[in-house]
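Worksheet: the structure to be examined is printed underneath.
The values are calculated or read from the model by the stated rules, or taken from the named source; none is laboratory data. As the structure is a prediction and not an experimental result, all values here were calculated from the model. Every residue, glycine as well, gets a Cβ built from its backbone with ideal geometry; the counts of neighbours run over all protein chains shown. When the accessible area is computed, the model is the full protein with side chains, heavy atoms only, and any ligands, DNA or RNA have been set aside. Shrake-Rupley method; radii C 1.70, N 1.55, O 1.52, S 1.80 Å.
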Amino acid sequence: MKQQLLNRIADKSAVIGIVGLGYVGLPLMLRFAEVGYKVLGFDIDQSKVDALTAGKSYIEHISADSIATALERGFEATTDFSRAPEADTLILCVPTPLNKYREPDLSFVLDTMDSLVPYLREGHLVSLESTTYPGTTDEELLPRMESRGFKVGENAFLVFSPEREDPGNPNFTTRTIPKVCGGYSPACQEIGVALYSAVIDKVVPVSSTRAAEMTKLLENIHRAVNIGLVNEMKIVADKMGIDIHEVIRAAATKPFGFVPYYPGPGLGGHCIPIDPFYLTWKAREYGVNTRFIELAGEVNSAMPDYVVAKVAAALNIRKKAINGSRVLVLGIAYKKNVDDMRESPSVFLMEKLRDLGAEVSYSDPHVPVFPKMREHHFALSSVALDAATIASYDCVLLATDHDKFDYAALKEHAQLIVDSRGKYLEPADHIVKA
Ligand SMILES: NC(=O)c1ccc[n+]([C@@H]2O[C@H](COP(=O)([O-])OP(=O)(O)OC[C@H]3O[C@@H](n4cnc5c(N)ncnc54)[C@H](O)[C@@H]3O)[C@@H](O)[C@H]2O)c1
């Protein structure tokens, strides 16, 4: 069984099933299709399946042309899970958010697996890519596979291989980002490594699914904690009249032992604000408090309030209140040069300012209309920026520093800029760092 699957991977006759065609699943599909595999994509969202089938993309940095090329190479998208037996691999790329108590919400992973279980067949490789706590693969997916009578490691296979992506960074592609893979057994690992090695330059095997799960969490916790540290340093530096960005630039000239992290208006995206708390939750089972994670979370989640206080103070100097002021938030995606709004701190800033009575608008070249979000609502469209428009706001708040903004024009025409990204290096009377 193992050899058969290895042969099918080697001669590219294996059909690659990918479940969840979002920010992670879609680029992975493109890469397998590019290399010459037939890919069968599953999603519960009919509109996504329809868009892909029509050769359209719903992610800004993925072109419609690339989808059309994949279709020509045999890619199909479907909502019909009964087609799972046609695939040799089932690679799960579904969301792993937090619930309202900030605890792991595994419902997407479990629902996906429960939908697939009736269609599992001998020889299937299941690979979980969604970020999650150590133990998920063995404790949740393994029993579900075994419930169908499979002997995992003998006639069906199971691995965890975390996705790594840096959306908007043109220096890395799915192919060039090394991929970690841990199997439930040595045979599982061998197949997982063979599968990913077919499309990715460097695969990094680890000894277990738990080690692979923990690797992903360490990477993201490392970021969350260091961003928390630098956000705290920002507050101290500001009180001391020191520009933290100048300090970071200087420290980053040290050729060893220092990695620059940058302060901002708060954490955003689907990973860094969320993933650390998967470990916090699981660690409690072992009687461990993850204090660094909690502390970083506390510092980082206080950042939107810090920025709003800076807006209030800057307006106050101009004898204005937030209440009644016209505030333009620049950039509402969670990071520069992308259109992804998940967990964006800009949205928290907009809500806080609105609650305090500001007349809030936004401008974001990547987000023309404020999207429907589960917990946030603004009936707004992106404001086009010209000299008169910029000058008409009491305050322009730079929240996400997209390259497409004309920073010189903003500096020239804005009455007041509150810069939460350290974009403006030179001090000016009407620019306040936050
Ligand atoms: N986006 C990134 O850059 C990134 C990077 C590393 C890790 N991750 C992790 O990868 C996972 C997926 O993230 P994403 O950004 O691709 O999410 P996403 O929301 O963009 O995509 C998930 C897709 O899964 C589909 N889906 C939901 N439930 C389903 C089900 N039961 N069956 C089939 N499809 C279902 C959704 O319709 C959606 O198309 C998460 O765990 C995330 O933390 C994301």
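Values computed for the structure shown
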quantity: Among residues of segment 129-173, those that are away from the ligand (no atom under 14 Å from the Cβ) and free of Cβ contacts under 8 Å to residues at least 24 places away in the same chain, counted; calculated: 7
quantity: Thr69 being within 11 Å of the ligand (Cβ to nearest atom), open to solvent by 20 Å² or more (accessible area, probe 1.4 Å) and either out of contact with any His (no Cβ under 6 Å at 6 or more places or on another chain) or not assigned by the TED database to the domain that holds His366 (or both); calculated: no
quantity: Yes/no for Ala64 being surrounded by fewer than 16 Cβ atoms within 10 Å (Cβ to Cβ) and either out of contact with any Pro (no Cβ under 9 Å at 6 or more places or on another chain) or more than 22 Å from Ser147 (Cβ to Cβ) (or both); calculated: yes
quantity: Only listed residue being modelled with pLDDT under 95, among the charged types (D, E, K, R) and open to solvent by 20 Å² or more (accessible area, probe 1.4 Å), chosen from Arg83, Arg102; calculated: Arg102
quantity: Residue list for segment 275-296, restricted to those being assigned to a loop (DSSP other than H, G, I, E, B) and open to solvent by less than 10 Å² (accessible area, probe 1.4 Å); calculated: Asp275
quantity: Val206 assigned by the TED database to the domain that holds Phe292, open to solvent by less than 40 Å² (accessible area, probe 1.4 Å) and closer than 28 Å to Pro134 by Cβ; calculated: no
quantity: Tally of residues being in contact with a strand residue (DSSP E or B) (Cβ under 6 Å, 6 or more places away or on another chain) and crowded, with 18+ Cβ neighbours inside 10 Å across segment 169-194; calculated: 11
quantity: Test: Glu412 is surrounded by fewer than 21 Cβ atoms within 10 Å (Cβ to Cβ), in a helix (DSSP H, G or I), in contact (Cβ under 8 Å) with a residue 24 or more places away in the chain and of a type outside the set (Ser, Thr, Tyr); calculated: yes
quantity: Filtered residues of segment 235-271 (kept if open to solvent by 60 Å² or more (accessible area, probe 1.4 Å) and of a type in the set (Ser, Thr, Tyr)); calculated: Thr253, Tyr262
quantity: All positions within segment 4-27 that are farther than 18 Å from Arg83 by Cβ, outside any loop (DSSP other than H, G, I, E, B) and either of a type in the set (A, V, I, L, M, F, W, C) or in contact with a strand residue (DSSP E or B) (Cβ under 6 Å, 6 or more places away or on another chain) (or both); calculated: Leu5, Leu6, Ile9, Ala10, Leu26
quantity: Condition met for Ile44 (within 15 Å of the ligand (Cβ to nearest atom) and either open to solvent by 60 Å² or more (accessible area, probe 1.4 Å) or of a type in the set (Ser, Thr, Tyr) (or both)); calculated: yes
quantity: Whichever residue in segment 333-344 is open to solvent by less than 10 Å² (accessible area, probe 1.4 Å) and touching a Phe, Trp or Tyr at 6+ places or on another chain (Cβ under 7 Å) and, among such residues, is modelled with the lowest pLDDT; calculated: Asp340
quantity: Enumeration of residues in segment 34-77 that are farther than 22 Å from Ile200 by Cα, at pLDDT 95 or above, in a loop (DSSP other than H, G, I, E, B) and not hydroxyl-bearing (Ser, Thr, Tyr); calculated: Asp43, Ile44, Asp45, Ala54, Gly55, Lys56
quantity: Within segment 379-405, tally of residues that are touching a Lys or Arg at 6+ places or on another chain (Cβ under 8 Å) and either open to solvent by less than 40 Å² (accessible area, probe 1.4 Å) or acidic (Asp, Glu) (or both); calculated: 9
quantity: Output for segment 172-193, where each listed residue is within 21 Å of Val35 (Cβ to Cβ) and outside any helix (DSSP H, G or I); calculated: Phe172, Thr173, Thr174, Arg175, Thr176, Ile177, Pro178, Lys179, Val180, Cys181
